[in-house]
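Let me begin by presenting the structure, written as structure tokens, before commenting on it.
Please treat every number below as a calculation from the coordinates, not as lab data. Predicted, not measured: the structure shown is a model, and the values here were computed from it. Positions of Cβ are generated from backbone atoms using ideal geometry, with glycine treated the same way; all protein chains shown enter the neighbour counts.
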There are 2 protein chains.
Amino acid sequence: MEFAIRIKMNEKLYLRDPEQSELGRKIVKHGLELITKLGFEEFTFKKLAVSINTTEAGIYRYFENKHKFLIYLIAYYWSLIEFRIVFSLNNIKDPERKLKKIIELLVFEPAEAETYEFVNTKLLYELVMREGSKAYLTRHVGTDNKDRLFKSYKDLCARFSSVISEFNPKYKFPHSLASTIVEMAHAQKFFKTNLPSLTDFPNEKNHNKLALFLESLLFSSIKTTKS
Amino acid sequence: MEFAIRIKMNEKLYLRDPEQSELGRKIVKHGLELITKLGFEEFTFKKLAVSINTTEAGIYRYFENKHKFLIYLIAYYWSLIEFRIVFSLNNIKDPERKLKKIIELLVFEPAEAETYEFVNTKLLYELVMREGSKAYLTRHVGTDNKDRLFKSYKDLCARFSSVISEFNPKYKFPHSLASTIVEMAHAQKFFKTNLPSLTDFPNEKNHNKLALFLESLLFSSIKTTKS
DNA sequence: ATAAATAGATAGTATTACTATCATAAAAAA
DNA sequence: TTTTTTATGATAGTAATACTATCTATTTAT
């Protein structure tokens, strides 16, 4: 059996749907590669155009500017993660197991080769870790938010939050706790490699310790207020 | 009695010490105002130069580029907060009270008029909330970190972390917990105004709820593992 | 076969992120 | 006091960025 889910992106994220054409898919695929290679600040549409043998104007037909392009990629990532969560939680009844599964999926770093549709999920993960918060840390968060550009991120947090409330309906801060865990899944990973003194994770390859930390953060919060 | 503490900044943060001259202080004061007004991306040295009637070249004599300038301002903020923490904890013995005090100081938003030396602390707070993580989310974190540009931030987290360990020596993740709380003090505040569905704080003026959330996060973690 | 949509090629512009040079004024050293 | 240093101002220049516009060739749908 083989199947592919298609992630439906908000139309305000692009000018022309990049999934519908060869050029569009090339822009997304190589754009992701180039951003993760250069970093968002150094990334330009010109450099991307050169790397895929098209013109700057060609890319501008798909994306308004590089910031929208970043939001597009990040929204794609969160949709993917949310889908995985929905899929994985499907047969689980116990909210505790659900929550552990969510953390596992958040912390899980895809293998090198893993490619979903036309994007490399490992690179997407890197991107979200290094550039994720730049999507909303702008002066135009308000309008971007009205345009529902952050919907996939907010949906994910809402879903997480509802499982928290399922576990413990009395807990007062399910949304903040969810967004805290989601943010920290990436921030602590970034710290681990770049500012290690901010973490307690010695330089090991896997993320077991990070997952343990997030679990302890989550469960001690929602268990203490339970009774 | 009147006194002023002087925050000693890392020399790699600037080319010429801005505190030592009228122009330097003007750059810092008005630069802070302009960044918070325009946002970091829209802020340029040219615009700052015009606003204080000097030239671009004049500003480049003090700061290598606008990113270093951002780091300078943010480092200044964290030093200030650390100083306040040291000062406030001075006579407190009980680690629980110490930790509550730290959270209070992290969450506390300065009043409009409050100005420390030549910088407006309210604007600094805004800056750290909106642009804080851009200081380290770059390709050159590594070298910047080697140059000790993030020392004040790391010192603050280390101090926080040591109080956590004082409260509960058995707790496994004091550093990660400290950096989580510090990050979230600002991120949740940002979410509250800009992406409110990610939080549980209805639009009220003060930050009591945020402080409560952070306290619950902190204490439930370190109390559950205590015995 | 014709019309419409897509992509390529080229050009142009205001702004950004700098670097360099020279003159002058003020402060510090001789 | 004179000299020297240092800080600032004024001006110029450059490569790159972030776009917009236009025109042509090529596919694709009708």
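Quick notes on this one:
- In a reduced charge model with +1 at each Lys and Arg Cβ and -1 at each Asp and Glu Cβ, the protein assembly as shown shows a dipole moment near 460 debye about its Cα centre.
- A dipole drawn for chain B from +1 and -1 charges on Cβ atoms has a positive end, and of B:171, B:83, B:141 the residue lying farthest that way is B:171.
- For segment B:76-227: rounded, prolate or oblate by the Cα gyration tensor [a/c cutoff 1.5]: rounded
- Across all C-alpha atoms in the protein assembly as shown, the radius of gyration and Dmax reach 22.5, 80 Å.
- Segment A:97-105 - phi-based ³J(HN,Hα) in whole Hz, Karplus 6.51/-1.76/1.60, Gly and Pro as x: 5, 4, 5, 5, 5, 4, 4, 4, 5
- Between residue B:114 and residue A:170, the distance separating the two model label sites (each 7 Å from Cα on the Cα→Cβ line) works out to 3.5 nm.
- Less than 5 angstrom separates the built amide H of residue A:64 from those of A:15, all sequence-distant by 5 or more or on a different chain.
- Inter-copy label distances for residue A:208: 4.5 nm (label point placed 7 Å from Cα along Cα→Cβ; shortest first).
- Label points for residue A:196 are taken 7 Å from Cα along Cα→Cβ. From this copy to the others they lie 4.4 nm apart, shortest first.
- The residue list A:152, A:186, A:121 was ranked by how far each Cα lies along the charge dipole of chain A toward its positive end, using unit charges on Cβ atoms, and A:152 comes out on top.
- Cβ-based net charge around residue A:175, under 13 Å, with every Lys or Arg adding one and every Asp or Glu removing one: +2
- The separation of segment A:50-78 from segment B:59-116, counted between C-alpha centres, amounts to 38 Å.
- Calculated [θ] (222 nm, deg cm²/dmol) that DSSP helices of n ≥ 4 give over chain B, each run adding -39,500 (n - 2.57): -19500 deg cm²/dmol
- Pairs beyond 29 Å (Cα-Cα), from A:134/B:68; A:93/A:172; A:98/B:101; A:146/B:189; A:170/A:205; A:205/B:100: A:98/B:101; A:170/A:205; A:205/B:100
- Out of every Cα-Cα pair that segment B:1-148 contains, those further apart than 26 angstrom amount to 28 percent.
- Estimated dipole of segment B:130-227 in Debye, rounded to 20 [Cβ of Lys and Arg +1, of Asp and Glu -1, Cα centre]: 160 debye
- Residue-count net charge about residue A:192 - beta-carbon cut-off 10 Å; Lys, Arg +1, Asp, Glu -1: 0
- Per-residue Karplus couplings for segment A:200-217, computed as 6.51 cos²θ - 1.76 cosθ + 1.60 with θ equal to phi - 60°, are listed in order as 10, 10, x, 6, 9, 6, 7, 10, 4, 5, 4, 4, 4, 4, 5, 5, 5, 4 Hz, Gly and Pro entered as x.
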